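Undergrad: A single structure is presented below for examination.
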Amino acid sequence: LHNPETSLPPETLRNQSLAACCGIGNPASFWRLLEETGASLAHRHPFPDHHRPTRQEMENFTRQAQSAGAKCVVITEKDRQNVPNDWMPPLPVYVVKIRMEWGSELGRFQQFLLQHLDEESCGIRLWP
C-alpha cells in the first residue's frame, strides 16, 4: 500500500473496513486481492475500464463509502492516474502497487514468448 507519505505492508488492511473503486477490466480480481489481505470491503464501486471519473463521481463514491462504514479508500495505481486532481477525499486514500513475481515460471514464460513472437516483426529484442 502506498500514499504519498508512506508505504505500508498489505497486512495493514487486515480487519479494516474499507471502500474500493477501480476502472480495470476485471474488478473482481481487485476485490479478491483486497479480501485476501483480511480487509472488509464495506463498499466497492467498479468503473468501466480506463474510465476517468469526475470529481462528482468520486464524491458520490466516498459519500456512499462513508455511509457504509468505510474508514479509508483503496484504489489501484492505474486509477490514481485517472482520479481528478481537484477531488478532496474525506477519507484517507491508499494506492495499491502491484508487482509481478515470476519465480520458477519465468523460463516457461520466456519460452512461450519465443514460440509466439518473432523479434523481427515486433521490432524489439526480448532479452540479451
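The values are calculated or read from the model by the stated rules, or taken from the named source; none is laboratory data. The model shown is predicted, which means the values in this text are computed figures rather than measured ones. Cβ placement follows ideal geometry from the backbone for every residue including glycine, while neighbour counts extend to all protein chains displayed. Keep in mind that these areas ignore ligands, DNA and RNA; they rest on the heavy atoms of the full protein, side chains included. Shrake-Rupley method; radii C 1.70, N 1.55, O 1.52, S 1.80 Å.
Undergrad: May I ask you to give the solvent-accessible area per residue for the chain, in square angstrom, as obtained with a 1.4 angstrom probe? Kindly include the intermediate steps, with their values, before the conclusion.
TA: Details: 8440 Å² over 128 residues.
That works out to 66 Å² for each residue.
Undergrad: Taking amide H atoms as placed 1.01 Å from N in the peptide plane, list the residues 5 or more away in sequence, or in a different chain, whose amide H sits under 5 Å from that of C22.
TA: Under 5 Å from the amide H of C22 lie the amide H atoms of H45, F47, each far enough along the sequence or on another chain.
Undergrad: So, in nm, how far is label D86 from label R55 when the simple model puts each one 7 Å beyond its Cα toward the Cβ?
TA: 0.4 nm
Undergrad: Quick one: with all protein chains in place, what share of the accessible area of the chain is carbon or sulfur, to the nearest percent (1.4 Å probe)?
TA: Values: 4290 of 8440 Å².
Exposed carbon and sulfur together represent 51 percent of the surface.
Undergrad: Which one, Q115, M100, F30, projects farthest toward the positive side of the charge dipole computed for the chain from Cβ point charges (K/R +1, D/E -1)?
TA: My answer, from the dipole projection, is F30.
Undergrad: Moving to a separate point now. Given Cβ point charges of +1 (Lys, Arg) and -1 (Asp, Glu) and nothing else, what value in debye, to the nearest 20, does the dipole of the chain about its Cα centre take? Spell out each step's value before the answer.
TA: Numbers: 13 positive and 15 negative charges, 80 e Å.
The calculation lands at about 380 debye.
Undergrad: Quick one: which of 14-22, 73-81, 27-35, 99-107 comes out on top by average Cβ neighbours within 10 Å, and what's the full order, highest first?
TA: Values: 14-22: 20.0, 73-81: 18.3, 27-35: 15.0, 99-107: 7.6.
Descending mean neighbour count gives 14-22, 73-81, 27-35, 99-107.
Undergrad: Follow-up question, since we're still on this one. Please work out the ratio of the alpha-carbon Rg of the chain to 2.2 N^0.38 Å and round it to two decimals. Don't skip to the end; give the middle numbers.
TA: Values: Rg = 18.1 Å, N = 128, 2.2 N^0.38 = 13.9 Å.
Relative to the 2.2 N^0.38 Å estimate, the chain comes out at 1.30.
Undergrad: A further question on this structure: Tell me, what ³J(HN,Hα) does each residue in region 78-90 have, in order and in whole Hz, if you take phi through Karplus 6.51 cos²θ - 1.76 cosθ + 1.60 with θ = phi - 60° and put x for Gly and Pro?
TA: Coupling constants for region 78-90: 4, 5, 4, 6, 9, 6, x, 5, 8, 6, 10, x, x Hz.
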